[in-house]
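Shown next, in structure tokens, is the structure this report addresses.
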Amino acid sequence: MKFSKEEKKFWKTHYHFDKPSQLHENWSQIWSVDSNHDDEFFYYFSLRVNTIVEVHLKNTLITDQAVEYMTKFKNVNILFLRKHENITKAIIPFINQMQNLEYLNVTRTKITLSDLCESLDNKNLKEVFLDSEENESNLEEKAFILKERMPNCNIYLDFCDSTNVFGNQEKPIF
């Protein structure tokens, strides 16, 4: 199948591919920091790529729409969405659809612990990282709700990794 004109422009601009035969359907990861990757980037990616195992994005131009496109990728195991002002609780249903997801980082987004308590229910998650709100109340109660729903998942507040710079293990909130 040939690229459409728009697709060809996308793949040529980002990866210097002229034709679909140059593309692999299975990717191990996407890394992007301080880039102009946006929803359109993931739209075109989702048209041709079947599998991505790790998505690491920090301070890109994506919104909730890009995460919806990511649900089309099989085997997403790590989803790192740090420092995205336009990522909101609207992505939680998409997170719940990602059956292989084990690691989620939504630090420096608009997602709160309260948001996760309302609707996060992905039993495969093992670690979730997010920022606490200044006025967040009942932290233990909310953590307990999540732990009951997802017993194998550790929730970390105000950390972006489970180990610190010295390699010491950080403690989850519950």
Apply the Karplus curve 6.51 cos²θ - 1.76 cosθ + 1.60, θ = phi - 60°, to the phi angles in the range 3-15 and return the couplings in whole Hz, x for Gly and Pro. 6, 6, 4, 5, 4, 4, 4, 4, 5, 5, 5, 8, 10
Multiply the residue separation of E118 and N36 by 0.36 nm, subtract the distance between their alpha-carbon atoms, and state the gained length in nm to one decimal. 26.4 nm
Tally the DSSP beta bridges in the chain and give the antiparallel ones as a percent, rounded to 5. 5
Let's see if you can work this out: charge +1 on each Lys and Arg Cβ, -1 on each Asp and Glu Cβ, no other charges. What is the dipole magnitude of the chain about its Cα centre, in debye to the nearest 20? 880
Give the accessible surface of the range 23-94 per residue, rounded to a whole number of Å², with probe radius 1.4 Å and ligands, DNA and RNA excluded. 47
Sequence gap at least 6, Cα distance under 8 Å: using those rules, report the relative contact order of the range 51-117 to the nearest whole percent. 36
Hey, can you grab everything whose amide H is under 5 Å from the amide H of K74? Only 5+ residues off in sequence or another chain; H modelled, so Pro and N-termini drop out. T51, I52
Of K5/K126; K74/K110; K72/K126; K83/K123; K19/K83; K12/K74, which sit over 31 Å apart, Cα to Cα? K5/K126; K19/K83
What number, rounded to the nearest 500 deg cm²/dmol, is the helix-based mean residue ellipticity at 222 nm of the chain, given -39500 (n - 2.57) per DSSP H run of at least four residues and division by all its residues? -8500 deg cm²/dmol
Given Cα pairs under 8 Å that are at least 6 residues apart, what percent is the relative contact order of the chain? 14
Sequence-separation-based contact order of the range 1-90, relative, with Cα cut under 8 Å and 6+ spacing, percent: 26
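The values are calculated or read from the model by the stated rules, or taken from the named source; none is laboratory data. Everything quoted here is computed from the prediction, not taken from an experiment. Cβ: placed from backbone, ideal geometry, glycine included. Neighbour counts: every protein chain shown. For accessibility, only protein heavy atoms count, side chains too; no ligands or nucleic acids. Shrake-Rupley method; radii C 1.70, N 1.55, O 1.52, S 1.80 Å.
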